[in-house]
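Following: one structure in structure tokens, then a few remarks.
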Amino acid sequence: MKDPTAETVVLVGASDDPERYAHKALVSLLKHGHHVIPLHPKLTDIGGIPVLASLEEVTRPVDTVTLYAGPKISAGLLGDLVKLSPRRVIFNPGAENPLLAQELAKAGIASEEACTLVLLASGQFSNP
């Protein structure tokens, strides 16, 4: 039976480097049963998981977008995020972007500055 708290999560700034927090988040999200869609413009695969190059390539409904890309990159994502219409966007440490958060709020998309790894470890990631 599928876990009712499992979410579809887009991970922007995915990494194939096990030392990077984005990679640790990918592993932890999968361990917690979430469907993860990693995004990176130059990677095509992380451990057998297909990686998309952009938000425009996402074809399924998304619950959460977790950002591991800094403001220089995330500033250009507003239109695609609004079109994708996730329930929320998480700005991980180092990825904070107050202007993007304001614009997302105007579009009715919730956002928070939080660490995906901490949310998962503390049982606070999913909102049933």
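Using a Cα-Cα cut-off of under 12 Å, which aspartates and glutamates could be cross-linked to residue 83, ignoring same-chain neighbours fewer than 8 residues away?
Within reach: 56, 57.
Once amide H atoms are placed 1.01 Å from N in the peptide plane, what residues at a sequence separation of 5 or more from residue 46, or on another chain, have their amide H within under 5 Å of its amide H?
Answer set, sorted by chain and number: 51.
In region 31-107, what trypsin sites (Lys or Arg not before Pro) fall in a loop by DSSP, with at most 11 other Cβ atoms inside 10 Å? Don't skip to the end; give the middle numbers.
Numbers: sites: 31, 42, 72, 83, 87, 88, 106; in loops: 42, 87.
Answer by residue number: 42.
Mind putting a number on the dipole of the chain about its Cα centre? Charges go on the C-beta only, +1 for Lys and Arg and -1 for Asp and Glu, and I need it in Debye to the nearest 20. Walk me through the numbers before you get to the answer.
Working: 11 positive and 14 negative charges, 31 e Å.
It works out to roughly 160 debye.
Kindly provide the helix-only [θ] at 222 nm of the chain, computed as the sum of -39,500 (n - 2.57) over DSSP H runs of four or more divided by all residues, to the nearest 500 deg cm²/dmol? Please list the in-between numbers first.
Details: 5 runs with 37 residues, N = 128.
Per the formula, -7500 deg cm²/dmol.
According to a simple spin-label model (label point 7 Å from Cα along Cα-to-Cβ), what is the distance in nm between residue 112 and residue 20?
If labels sit at residue 20 and residue 112, their model points lie 2.5 nm apart.
Could you check which residue among 30, 117, 11 shows the biggest mean-square fluctuation in a GNM of the chain with a 10 Å Cα cutoff?
30
Would you grab the residues whose amide H sits under 5 Å from the one on residue 10? Only those 5+ places off in sequence or on another chain, please, with H modelled 1.01 Å from N.
37, 64, 65, 66
Taking H as built 1.01 Å from N, whose amide H comes closer than 5 Å to the amide H of residue 114, not counting residues under 5 places away?
HN-HN under 5 Å from residue 114: 91, 92.
Can you work out ³J(HN,Hα) from phi for every residue in region 66-83, in order, using Karplus 6.51 cos²θ - 1.76 cosθ + 1.60 and θ = phi - 60°, giving whole Hz and x for Gly and Pro?
10, 9, 10, 10, x, x, 4, 7, 5, 4, x, 9, 3, x, 5, 5, 5, 5
Would you kindly derive the ³J(HN,Hα) couplings of region 20-31 from the backbone phi angles with the Karplus curve 6.51 cos²θ - 1.76 cosθ + 1.60 (θ = phi - 60°), listing them in order in whole Hz, with x for Gly and Pro?
With coefficients 6.51, -1.76 and 1.60, one gets 7, 5, 4, 5, 4, 5, 4, 4, 5, 4, 5, 4 Hz.
Just to be sure I understand, if you calculate Rg and Dmax of the Cα atoms in Å for this structure, which of (i) 13.4, 41; (ii) 14.8, 40; (iii) 13.1, 38 do you get?
Of the labelled values, this structure produces (i).
All of the numbers you see were taken from the coordinates with simple rules; none came from a lab. This is a predicted model, so every value here is computed, not measured. Don't worry about glycine lacking a Cβ; one is built from the backbone with ideal geometry, like all the others, and counts go over all protein chains shown.
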